[in-house]
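Bear in mind that the values in this text are calculations on the coordinates, not laboratory data. Everything quoted here is computed from the prediction, not taken from an experiment. Here Cβ is always computed from backbone atoms with ideal geometry, including for glycine, and neighbour counts include all displayed protein chains.
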């Protein structure tokens, strides 16, 4: 079977999306990664270390949980992939474990990262503490306010958190600042990008590290139901790393319906949205060509979502390709809909989801399922960090 | 003859390339700034197209871009401002910007409009060389536009020679791996420029990033054909109402003994 969706070509393209659009100052670092990443991450030594840490430190495999009461509600079979039970509370650590082992193999001494909700920042600060490497996390000033507990966690783990004060003061700007820092400190620094975005080889590298999610889903579902594949896999998409991981091993299985859920903010047409495939056009941001929310003049638009982790004006090039080719279906959920889904899950299943994951949960309302379908939803993170948003919602 | 060839035939050293941001400090000050730069001794003008996410730029140029965008600057408006600029400006003028706004405008249309208005070349720091070779280089050539690649102290000799062979007009030597406007160790910069000179490249070399006054300009001119000043000049224009006077007092000390 030919691989059409899973991996990019030698220059990092998924169809017409991807590539490495970087200034020359970043060339040595990015080129080094391009040359070495596959060789390093496919070595036995790397795989052993990576798998051991995923097992003993992250707590993998994470359960594939059959959500009985939620299934009853929608008259079908719904399984939750419990990435919220990973150490640090979200899937982000799968990638940071992989990348820090890679950084060590490359001889790097310092780690930088960007973060939106703070989950990737915490996951990066965690693996830096674990390996004794210096860590600087760039975070939008606005996100530092709305995700204060994660800022405190990063600091307690020994990381320096630097506010990004330019532009919309959110994830996009934190990413700009991280890239600028990397330009200015190229020698001993590795940049751990948190999503399937950025110049080649980042989208592919991050997707490979996250692909453990679908690898587990596959055997867990078989164990539970005897079925080879789920009928649907549903995941939220900001940059798209948990979706890339949840889709990965089903990308070439045309019978599996893949559903990506974007943040519609206050409504797709409201002017306060982060629904990139609905609102975006082809453009270049953070080193790759993808779909991008922008003005007709090519200025990147400031997105909006209640969920800091989805508050990003682009999506990874793999997802842009899945969208354009029709391989995945892209839906969206608004701020209010995500809140509603979060409360529903909390009260039906006793699980408080992250606001990001709540977007994926909401679209159950918009889809028609058969009684014997097996639907897997990637519950990418837990909701502790979003308590203040949930408290505000309860006061309304 | 191309304007760059004419310039570098006549002047081999202390070539001064001045960067300014289109639409900064005011939306309609672009021509005024360019005229002031030419009148006060700039040999080349590098006109920056403002962008929301300028990755290679430090805080000063970022800020000037944000102000220009808030002023309402767009590529469409820039080409309106540049209509007939060749009646007043004789020095080579290049446009510097990021690929995304240019792609949204339409790459070929952009080249056609730039060329028709008398622009000499382009700098797009996030243009990958294989994209240039595959697609964009030919389009620029068809419109007689030079394209200038950047090299840094970390760029390998082999790659420097390749980027030099793809460039025309001049080669942009970034003084150290950094964003624009940060301070540099000038001894290291000299070593690097000396190394570049020893490669006997086909293009003249202009050094940029961290050149801010006479001392730093003269230092890079020992080995390079000239230098590029951006952030320091943008800072000098901040809050100034008399652009010509601000430009004159900025440039006078830099070019004083070079002629």
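What to note about this one:
- Taken residue by residue and averaged, Cβ atoms of other chains lying within 10 Å of the Cβ of B:42-53 number 3.
- For the range B:222-259, backbone nitrogen atoms closer than 15 Å to the point 7 Å from residue B:183 Cα along Cα-to-C-beta are found at B:232.
- Between residue B:241 and residue B:161, the contour length at 0.36 nm per residue exceeds the alpha carbon distance by 24.4 nm.
- Length-normalised contact order for chain A - Cα pairs under 8 Å, 6+ apart - percent: 20
- Projected label points at residue A:165 and residue B:198, each 7 Å from Cα along the beta carbon direction, are separated by 4.3 nanometres.
- Alpha-carbon centroids, the range B:149-214 and the range A:202-260: separation in whole Å: 46
- Stretch gain in nm, segment residue B:5-residue B:252, where the contour uses 0.36 nm per residue and the Cα spacing is subtracted: 86.4 nm
- Mean Cα-pair separation over length for the range B:56-198, i.e. relative contact order, pairs under 8 Å, 6 or more apart, %: 24
- Two-site label geometry, residue A:106 and residue A:225: point separation in nm, points 7 Å out along Cα→Cβ: 3.9
- Going by neighbour counts of Cβ atoms within 10 Å, the residues B:8, A:247 line up, fewest first, as B:8, A:247.
- Spin-label pair residue B:191-residue B:13: with each label point 7 Å from Cα along the Cα-Cβ axis, the two points sit 2.3 nm from one another.
- Cα-based shape type of chain B, given that a ≥ b ≥ c are square roots of the gyration tensor eigenvalues and the cut on a/c is 1.5: rounded
- Note on A:9-22: average number of Cβ atoms from other chains within 10 Å of each residue's Cβ is 2.
- Over the range B:37-155: Rg over Rh, Cα atoms, Kirkwood Rh: 0.95
- Peptide B:150-158 - average C-beta neighbours from other chains (10 Å radius): 4
- DSSP beta bridge pairing in chain A, given as percent antiparallel to the nearest 5: 30
- CD proxy at 222 nm, helix term only [per DSSP H run n ≥ 4: -39500 (n - 2.57); per residue of chain B; nearest 500]: -12500 deg cm²/dmol
- Rg of the Cα atoms in the protein assembly as shown, relative to 2.2 N^0.38 Å, amounts to 1.00.
- Ascending count of other beta-carbon atoms within 10 Å, so fewest first, for A:233, A:161: A:161, A:233
- Per-residue extension of 0.36 nm, minus the Cα-Cα distance of residue A:49 and residue A:343, leaves a gain of 102.0 nm for this segment.
- Using the Cβ-Cβ distance between residue B:39 and residue B:116 with R0 set to 22 Å, the FRET efficiency from 1/(1 + (r/R0)^6) comes to roughly 0.30.
- When each of the peptides A:10-19, A:39-48, B:97-106 is scored by how many other beta carbons lie within 10 Å of its residues on average, the order from highest to lowest is B:97-106, A:10-19, A:39-48.
- Inter-centroid distance (Cα atoms) of the range A:15-74 relative to the range A:264-315, Å: 24
- Within the range B:110-156, all pairs of alpha-carbon atoms sorted by distance into 10 Å bins from zero give the percentages 26, 52, 19, 4.
- Efficiency of FRET from Cβ geometry, residue A:184 and residue A:145, R₀ 30 Å, rounded to 0.05: 0.70
- Sequence of B:195, B:3 once ranked by neighbouring C-beta atoms within 10 Å, starting from the fewest: B:195, B:3
- Structure-based [θ]222 nm, chain A - -39500 (n - 2.57) summed over DSSP H runs of at least 4, per residue, nearest 500: -12000 deg cm²/dmol
- Computed from the C-beta positions of residue A:4 and residue B:143 and an R0 of 35 Å, the FRET efficiency is 0.40 to the nearest 0.05.
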